[in-house]
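A.B. asks: Here's a structure for you.
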Protein chains: 2
Amino acid sequence: MRLSSLADYAVVMMTASARHCGVSGRLNATLVAGETGIPLPTVQKLVSRLSAAGLIESTRGTGGGFRLSRPPATITLADIVEAIEGPIAMTACVDAGKHDCAIEAECQVKPHWNAVNGAVRGALAGVSLAQLSSGATHGHA
Amino acid sequence: MRLSSLADYAVVMMTASARHCGVSGRLNATLVAGETGIPLPTVQKLVSRLSAAGLIESTRGTGGGFRLSRPPATITLADIVEAIEGPIAMTACVDAGKHDCAIEAECQVKPHWNAVNGAVRGALAGVSLAQLSSGATHGHA
DNA sequence: CTCAAATCGGATCGAATCAGTCCGATTGCC
DNA sequence: GGCAATCGGACTGATTCGATCCGATTTGAG
C-alpha cells in the first residue's frame, strides 16, 4: 500500500519541471538532480520512462534536455504514477489473464477491489501538476 | 501502488471467517487454508498479525482456533490492510521523523499526498466485511 | 568536414523487502 | 500425567526494486 520511491521521485521531478516550465523552455537532468537532491542516474531513468509514456519530450545532444509535452494543468498524479508503475491495481487478481486464485468463481471480494481501485485512481487523477506547483490544497479528502 | 499479497490473502481469509461467523463460532487455520487455497503456514502468519492487531481472537491448544473479535459490519478493508501493512501512507516522506528530502521546507507536494492518503483510506474504510460477504457492491467509485 | 563534449538510453550489479517454511511454546483432551 | 493439536516466533530462500556504470546518439565548435 505504498507506491515505489521512483514514482515519488517522479512526482517531485515533474513538479520541479512545471515550476521551470515558463522560465526556461527546456531543462536538463543534471539541473533537476541538483535542485531536488535526487541522484542523477535516477533522474535519467525517470526521464526515460516519462518520455516513453509521452509526458515529457526529450532532446539529446549538447544543450539538449527535456520539457513537458502538455500543460501542467492537464497532467495529474494518476498519469505520473501509471507512467512509472503501470496500471493502478491494488491486487494482482484483478489483472487480466491472471487466474491463480482457487476460489475465483465464487470470489465476492473481486468486484469490491475494482471499486476501490477506481476510487484510488480518482483521488490521484484529481490532483494536477498546476495544483502541485501552486501549493493550494483542494478539498478532495 | 499495490498492496502486498499477504494483505490480499488477509482480506480473503477474513471474508471467509465472516461467512463462517454465525455457523460455527470458532474455526481454525487448517480449515481456512483448505477452503481458500492459501498455504497453511501463511494463514498461521496472518492469524498472528490479525490477532496482534485485535481483529481476531485466537485460542491455542487442541480444539483451538480463532474468531472475529467484532461484528463483520464494523471491520473494514482499512482495518485489515493497516493490520498487515501498517499505516496507510503512499509516500515515505509523510511518515513522522523522516527528513531525507532535501527540499522538505519548500515542498508543495507533501500536503497533497496527505489529501491523497486520506482519500485512499476513506475508500478502504468504506467497504466492510459484511458487504464483502454478501457480495453487494455499493457505489463508491 | 572533423573532432569533441554533453546528453539520453539500456544493461548490469547490489540491497532491501517479502513470501514461504520449519521448529518451539502452549493448551485442551484422554 | 501423557499426548496430540494448535498458535506463535524465527530462519532461509527468492523476487523485486533502487542505484550505479557504460555505450549510443546528437549537437556545437573549430
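A.B. asks: If A:Val81 satisfies every condition in (1) at pLDDT below 85; (2) not in a loop (DSSP other than H, G, I, E, B) but one, which is the exception?
C.D. replies: Status for A:Val81: all satisfied but (1).
A.B. asks: If you take the residues in segment A:38-57 that are surrounded by 18 or more Cβ atoms within 10 Å (Cβ to Cβ) and within 11 Å of DNA strand C (Cβ to nearest atom), which one is nearest to A:Ser17 (Cα to Cα)? Spell out the reasoning first.
C.D. replies: Within segment A:38-57, the first condition is being surrounded by 18 or more Cβ atoms within 10 Å (Cβ to Cβ), and the residues that meet it are A:38, A:43, A:46-47, A:50, A:55-56.
Right, trim to within 11 Å of DNA strand C (Cβ to nearest atom) and you get A:43, A:46-47, A:50, A:56.
Numbers: A:Val43: 12, A:Leu46: 13, A:Val47: 11, A:Leu50: 12, A:Ile56: 10 Å.
By that ranking, first place goes to A:Ile56.
A.B. asks: Let me ask something additional. Need a quick list: helices (runs of 4 or more DSSP H) entirely within segment B:2-78 having at least 3 residues that are within 12 Å of another protein chain (Cβ to nearest Cβ) and in contact (Cβ under 8 Å) with a residue 24 or more places away in the chain.
C.D. replies: Here the list reads B:5-19.
A.B. asks: Let me spell it out: the conditions are (1) of a type in the set (Ser, Thr, Tyr); (2) touching a strand residue (DSSP E or B) at 6+ places or on another chain (Cβ under 9 Å); (3) near DNA strand C (Cβ under 8 Å from one of its atoms), and A:Thr76 meets all of them except one. Which number is the exception?
C.D. replies: Result: A:Thr76 fails condition (3) only.
The values are calculated or read from the model by the stated rules, or taken from the named source; none is laboratory data. Quantities reported herein were computed from a predicted structural model and do not represent experimental measurements. Counting neighbours? That spans all protein chains shown, and the Cβs are built from the backbone with ideal geometry, glycine included.
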